[in-house]
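For reference, the structure discussed in these notes is given below.
The values are calculated or read from the model by the stated rules, or taken from the named source; none is laboratory data. All of these numbers come straight from a predicted model, not from anything done at the bench. Don't worry about glycine lacking a Cβ; one is built from the backbone with ideal geometry, like all the others, and counts go over all protein chains shown.
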Amino acid sequence: MSQTATTAWEYLRTADSRKVEAVLRREFPHCDAYQYNSAAIRVRVIDPRFKGKSVEQRDAMVEPLLQKLPDRIVAQILNLLTIYPGESNKSLSVRLADLEFEEPTPSLL
């Protein structure tokens with residue numbers, strides 16, 4: 001039997017963050033979400049189709065799916081990280097954003 005380590009953010013999943021994942025996974029199988037604090041949901045979507053696209057273009061690919069969620073959930077999505085596989089190895093800013101997703105700093109709320 002293999003054991004997998006649970007990352008810190010996985011303990012922050014809620015019913016709302018799971019709804020975000022369920023909606024996004026219809027189109028983007030590699031996505032994760034968690035409730036960072038009472039006012040913010042963080043979302044990370046990893047997809048090869050993002051390569052060569054601007055942040056705005058990437059967001060435009062994801063946002064129509066997010067609009068299928070209740071407004072109260074959409075309003076809480078304050079961090080949307082859209083990256084392609086391996087991008088965090090090429091860009092310091094992406095690496096830092098991905099690291100913050102993986103190992104969230106403690107919330108002040």
Inset, instruction - Within the stretch 10-56, track down each residue that is out of contact with any Phe, Trp or Tyr (no Cβ under 8 Å at 6 or more places or on another chain), of a type in the set (S, T, N, Q) and either surrounded by fewer than 13 Cβ atoms within 10 Å (Cβ to Cβ) or part of a helix (DSSP H, G or I) (or both). - result: SER38, SER54
Legend entry - Residues satisfying the stated conditions in the stretch 79-97, i.e. at pLDDT below 90 and either among the acidic types (Asp, Glu) or exposed (fewer than 11 other Cβ atoms within 10 Å of the Cβ) (or both): ASN89, LYS90
Inset, instruction - Would you please list the contacts, defined by Cβ atoms under 6 Å and residues six or more apart or on different chains, that run from a residue in the stretch 80-97 that is more than 16 Å from SER54 (Cα to Cα) to a residue that is in a helix (DSSP H, G or I)? - result: ARG95/SER88
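Taking the stretch 57-91 only, how many residues are in a loop (DSSP other than H, G, I, E, B) and over 20 Å from TRP9 (Cβ atoms)?
Number satisfying all stated conditions: 8.
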Legend entry - Residues within the stretch 36-61 that are in contact with a Ser or Thr (Cβ under 6 Å, 6 or more places away or on another chain) and either of a type in the set (Lys, Arg) or free of Cβ contacts under 8 Å to residues at least 40 places away in the same chain (or both), tallied: 4
Legend entry - Selection within the stretch 98-107 - in a loop (DSSP other than H, G, I, E, B) and either within 13 Å of ARG42 (Cα to Cα) or touching a residue at least 60 places away in the same chain (Cβ under 8 Å) (or both): GLU103, PRO104, THR105, SER107
Inset, instruction - Identify, by number, the condition in (1) of a type in the set (Ser, Thr, Tyr); (2) out of contact with any Asp or Glu (no Cβ under 8 Å at 6 or more places or on another chain); (3) within 17 Å of PRO104 (Cβ to Cβ) that THR7 doesn't meet. - result: (2)
